[in-house]
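Visitor: I'd like to ask some things about the structure below.
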Amino acid sequence: REELEDQKMKLAEANLKLLEYNEIIEQERQRSEKLLLNILPKKIAEELKENGSAKPECFENVTVMFSDIVDFTHISEKMEPAGLINELNELFTGFDHIARSFGCERIKTIGDAYLCVCGMPEKNDQHAASIISTALGIREFLKNRNEKSPLKWQIRIGIHSGKVVGGVVGTEKYIYDIFGDTINTASRMESNSE
């Protein structure tokens, strides 16, 4: 009888440990899921999880916004690294919040440049209006921020609509990237804007 009680106790302890391990695994799975969704659009992340790959797509009706912070290189040369990263983090976090509020998706940042789209990978018939609202929101965000901040940032923004190809590039470090003349034109619009 003592041996049976001892076995029951060991089994209960093992079950408790198993429940603890399952909880840790679930927390890590949720953490991984959150990280994946921070890197890739939801539709693409789900396709990667299901198939192990994501098929490149051509999207006909997309609007691209390409922005660049004016005189960033000159200003950043005078800043400490931590201060510089904090500034970019605050700016891009604000931009991300605005873009998401209008159904737009940040694709990437390239230094101080910010590239976002609307109309892909999820279709949006209001893609141009959504990007324009995002651009105006970002301009307003910077205006309000500049009133309170010692650093006064200005931004140039270029917008263009058209066809875009999107797909996952890389196997060790995934990036969802976009290609096409629409991006090039938005970039040229930005570099020639006020």
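Visitor: How large a share of the accessible area of the chain, in percent, is made up of carbon and sulfur atoms when the probe is 1.4 Å and the other protein chains stay in place?
Guide: Carbon and sulfur: 53 percent of the exposed surface of the chain.
Visitor: While we're here: Which shape class applies to the range 1-48: rounded if a/c is under 1.5, otherwise prolate when a/b exceeds b/c and oblate if not, where a ≥ b ≥ c are the square roots of the Cα gyration tensor eigenvalues?
Guide: prolate
Visitor: Counting Lys and Arg as +1 and Asp and Glu as -1, what is the net charge of the other residues whose Cβ lies under 14 Å from the Cβ of ASP68?
Guide: 0
Visitor: Mind telling me which of VAL117, VAL169, VAL64 comes out most flexible in a GNM of the chain, alpha-carbon contacts under 10 Å?
Guide: VAL169
Visitor: Where the centre of each part is set by its Cα atoms, how far does the range 44-70 sit from the range 7-42, in angstrom?
Guide: Taking the Cα centre of each part, the range 44-70 and the range 7-42 sit 30 Å apart.
Visitor: While we're looking at this one, here's another question. Sort by residue number and name the cysteines in the chain that have no neighbouring cysteine Cβ under 4.7 Å.
Guide: Cysteines of the chain left without a disulfide-compatible partner: CYS58, CYS116.
Visitor: Using a cut-off of 19 Å between alpha-carbon atoms, which aspartates and glutamates can reach LYS8, once sequence neighbours fewer than 8 places away in the same chain are excluded?
Guide: Cross-link targets: GLU20.
Visitor: May I pose another question? Could you give the angle, 0 to 90 degrees to the nearest 10, between helix 2-39's Cα long axis and the longest principal axis of the Cα atoms of the chain?
Guide: Computed tilt is about 10 degrees.
Visitor: Okay, next question. Helix-only mean residue ellipticity at 222 nm, the chain, DSSP H runs n ≥ 4 weighted -39,500 (n - 2.57), per residue, nearest 500. What is it?
Guide: -18500 deg cm²/dmol
Visitor: What is the count of Lys pairs in the range 51-184 whose alpha carbons sit under 28 Å apart, if the two are 8 or more places apart or on different chains?
Guide: Eligible lysine pairs with Cα atoms under 28 Å apart amount to 18.
Visitor: Still on this structure, I have one more. Write down, largest first, the equivalent ellipsoid semi-axes of the range 135-178 in whole Å, where each equals the square root of 5 times an eigenvalue of the alpha-carbon gyration tensor.
Guide: 32, 17, 7
Visitor: Whole number in Å², please: accessible area per residue of the range 22-68, 1.4 Å probe, ligands, DNA and RNA not counted.
Guide: Value for the range 22-68: 68 Å² per residue.
Visitor: Tally Lys/Arg at +1 and Asp/Glu at -1 over every other residue whose Cβ is under 11 Å from the Cβ of HIS127; what's the total?
Guide: Value of the local net charge: -3.
Visitor: With Cα extents along the principal axes in Å in mind, check (i) 60, 42, 41; (ii) 87, 42, 28; (iii) 59, 37, 29 and report the label derived from this structure.
Guide: (ii)
Visitor: Mind putting together the pair-distance distribution for the range 44-85? All Cα pairs, 5 Å bins, whole percent per bin, short to long.
Guide: 5, 15, 11, 10, 10, 9, 12, 18, 9, 1
Visitor: Return the ratio Rg/(2.2 N^0.38 Å) for the range 49-141, where Rg is computed over Cα atoms only.
Guide: 1.25
The values are calculated or read from the model by the stated rules, or taken from the named source; none is laboratory data. Bear in mind that the values here come from a model prediction, so they are computed numbers and not experimental data. Here the Cβ is made from the backbone with ideal geometry for all residues, glycine too, and neighbour counts use every protein chain on show. Calculation scope for accessible area: heavy atoms of the full protein, side chains included, ligands and nucleic acids excluded. Shrake-Rupley method; radii C 1.70, N 1.55, O 1.52, S 1.80 Å.
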